[in-house]
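Trainee: Just dropping this structure here.
The values are calculated or read from the model by the stated rules, or taken from the named source; none is laboratory data. Fair warning: this is a prediction, and the values are worked out from it, not measured in the lab. Glycine also receives a Cβ, built like all others from the backbone with ideal geometry; neighbour counts cover every protein chain displayed.
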Amino acid sequence: MRGAILTAILVLLLATVFAISNMETVRVMFWQWQIYTGPIALAVVGAGVLGALLAYLPSVARHARLNRRVRDLERRLAAHHAAEPGGPAAAGPSGGIDETRPLT
């Protein structure tokens with residue numbers, strides 16, 4: 001946790017130094033339309049943020065689908081254990097450790 005905070009502070013410091021040292025005005029065009037006019041640092045940082053979002057957004061649907069699958073499997077596992085006559089629910093607080101057989 002502490003390392004992540006230090007890394008974030010270092011990245012923010014480097015971005016600040018980059019922004020201060022690159023204050024020239026740039027004009028960004030898309031075909032014939034002018035999209036942006038302003039500091040080059042803001043254009044570069046904005047392009048990086050846009051690229052990160054475009055890389056992250058397609059994975060959101062997959063993560064949601066996998067989370068639903070995990071919850072479904074956990075429910076099925078809990079129902080399976082509840083249906084077993086000697087399952088973990090019937091084993092008591094020890095969790096059935098004393099009833100395990102040794103590995104051979």
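Trainee: Output the number of the condition that Asp98 fails; it satisfies all remaining conditions of (1) at pLDDT below 85; (2) acidic (Asp, Glu); (3) within 23 Å of the chain's Cα centre (by Cα).
Mentor: Only one criterion is unmet by Asp98, namely (3).
Trainee: Here is a further query. May I ask you to list the residues in segment 24-59 that are hydrophobic (A, V, I, L, M, F, W, C), free of Cβ contacts under 8 Å to residues at least 12 places away in the same chain and in a helix (DSSP H, G or I)?
Mentor: Hits for segment 24-59 are Ala47, Val49, Leu50, Ala52, Leu53, Leu54, Ala55, Leu57.
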